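For reference, the structure discussed in these notes is given below.
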């Protein structure tokens, strides 16, 4: 048994949606702890579906999903939510920040369902915002922030709870290339701390910065390249 | 493998939790972002609950007012009247009745009236005999007003003079029919073919309104002129406040020891209290209208919450991605809905209390909102909110957690 510890594993994962759409046709992949993986492929190739299944937002129609070497098939929905609350951080293309909340409270919201008291959550939020270089924007509301800054707040929200896995879906999709590059550098840096990073992109230049790249087409992984 | 498990420091899955304190904060924040809408939908509940509180408050105030009046007149008044025989004929009270009752313990004061059935009263002899105006003629004891707690609107009541001369006192209603508002001077009424001087006009007798349509003369005059027998047609008495029950039990055998079954005893304040209670209940229809307003308010809240769920699909998706369970989502929306309606309930309580205050001030009645309304109004709002929120909350919980990823 000469493996590094697996953070995420899919075995023969199939996902069909009602109406006969098959988004994934037997995907198998293992991602080790601390690995940084870019997922590339044209739209409709199943990238986002794979991410939702990795992130336990959906269950596969068939196949096996393991997070931290634990098969999720027998895990209840409530426990999957617990897994997301403690172990998985999401970064979305559209940021999804709460307009009425300050940066600190947006980040603290990321830990709401861990059950930690507000004071501790705010403390962790401040630390996370410092980590993403926004120590000077703590009490700003999303409308007062630039696009790149908003995405950094969203990243801080994902990392504040020190998750095992960070999953990002086109995090630079709504950003110009300068702030996009900054966000990607930040994600790389953060993952250096030991978290596993899975990132969807269709930007080859971003993907080329990753040590491992999964190429997807028509619901299958057609190439798994390490450099 | 246990080895593998040991290698993975965080193999145990943490639990997704949402502490209650955080839940209220979350729900409040959810409402605060849509303030105007929240206020408008809470208003629906406020109007419904306000209407109900006002109805209850106004009727309680009116009832309290009537009860206070009854209390002022005393609830220790008892009446003794002849009952009916087995065959349905009227019994006759013995002419010793009043003297017997006089000698009872715990009877403070008593008065009797004697029906003068063969005389009617008119303003002048020219009035046709059939137009009696519904006015009865009674002989009465001198202390009748004191026993009944009735004041005089004008003049004085019967006294020693009236025992020898034709003097009359009019009940309030009788005075109105005869169009006599003041006694004194030379106001006369034509009573049983004789002119009687009107020496007094009574105020309205709340405890026995039948007295209002009577004209009173003294017993000696009645006996002399109309051959009235001294068998009382009704006896009024005041019992010692603490012994009303025992006095009332002894009245029949005391009045007519030979035939106690032929004596009927009653307590007029009971009837009035029943009327007061009825006054507190005639409002069912208005309460129903308040209920309809509440129902409309509840539907309004359900409607707003459904819209809110549709608008906040991404927020819900985000929360699910952040670790919220279905239950957390549904409880959050239920709490929002319940808070909204409970706030409406409190506002309704204030509205209703305000309306009651205005009513009480204008009618000079005591301001009363029943204590239970203080708890019932917000509680009703809360329950309505929970019920109205059930469907939207379920809808929110069933949304797919991938919403946040799908929307850009």
By average C-beta atoms within 10 angstrom, highest first, the peptides A:57-69, B:375-387:
B:375-387, A:57-69
Beta bridges by DSSP in the protein assembly as shown, antiparallel share as percent, to the nearest 5:
65
Residues residue B:371 and residue B:284, FRET efficiency given R0 of 25 Å [Cβ-Cβ distance, rounded to 0.05]
0.75
Given all pairs of distinct Cα atoms, region B:75-278 yields a Kirkwood Rh in Å of 17.5
DSSP beta bridges in region A:150-227 [antiparallel fraction, %, rounded to 5]:
55
Any chance you could give the angle, 0 to 90 degrees and rounded to 10, that helix A:177-192 forms with the longest Cα principal axis of chain A?
80
In nm, to one decimal, how far is the residue A:143 label point from the residue B:229 one, both placed 7 Å along Cα→Cβ?
9.7
Over all residues in A:101-109, what is the mean tally of Cβ atoms on other chains that come within 10 Å of each residue's Cβ?
1
Angle, helix A:77-87 long axis vs. longest principal axis of chain A, Cα atoms, 0 to 90°, nearest 10?
60
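In what sequence, highest mean first, do A:32-42, B:207-217, A:157-167 appear when ranked by Cβ atoms within 10 angstrom?
Highest to lowest by the protection proxy: A:157-167, B:207-217, A:32-42.
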Three-way shape label, chain A, alpha-carbon gyration tensor, a/c 1.5:
prolate
Residues B:37, A:119, A:137, sorted so that the one with the fewest Cβ neighbours within 10 Å comes first
A:119, B:37, A:137
Chain B: angle of helix B:371-398 to the longest principal axis, Cα-based, in degrees nearest 10
30
Roughly how crowded by other chains is peptide B:324-331, in terms of the mean Cβ count from those chains within 10 Å of each of its Cβ atoms?
3
FRET efficiency, residue B:209 to residue B:292 (Cβ-Cβ, R0 35 Å, nearest 0.05)
0.40
Contact order normalised by residue count of chain B, Cα under 8 Å, 6+ apart, percent:
29
Two-site FRET efficiency, residue A:203 against residue A:76, from Cβ-Cβ distance with R₀ of 41 Å, rounded to 0.05
0.65
Taking 8 Å as the Cα distance limit and 6 or more residues as the minimum spacing, I'd like the relative contact order of region B:166-234 as a percentage.
41
Relative contact order of region B:75-278, defined on C-alpha pairs under 8 angstrom at six or more residues apart (%)
37
How crowded by other chains is B:360-368, given as the mean number of beta carbons from other chains within 10 Å of each beta carbon?
0
Among beta bridges assigned by DSSP with both residues in chain B, the antiparallel ones amount in percent, to the nearest 5, to 80
At a 10 Å Cβ-Cβ cut-off, how would you order A:21, B:116, fewest neighbours first?
A:21, B:116
When the helix-only estimate is applied to the protein assembly as shown (DSSP H runs of n ≥ 4, each -39,500 (n - 2.57), divided by the residue count), what is the mean residue ellipticity at 222 nm, nearest 500 deg cm²/dmol?
-14500 deg cm²/dmol
In region B:336-407, if every C-alpha pair distance is counted and binned at 5 Å from zero, what percent goes to each bin?
4, 16, 16, 14, 12, 10, 9, 6, 5, 4, 3, 2, 1, 0
Give me A:17, B:122 ranked fewest to most by other Cβ atoms within 10 Å of their Cβ, as a rough exposure proxy.
A:17, B:122
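Computed from the coordinates by the stated procedures, all read-outs in this text should not be read as laboratory data. Fair warning: this is a prediction, and the values are worked out from it, not measured in the lab. Every residue, glycine as well, gets a Cβ built from its backbone with ideal geometry; the counts of neighbours run over all protein chains shown.
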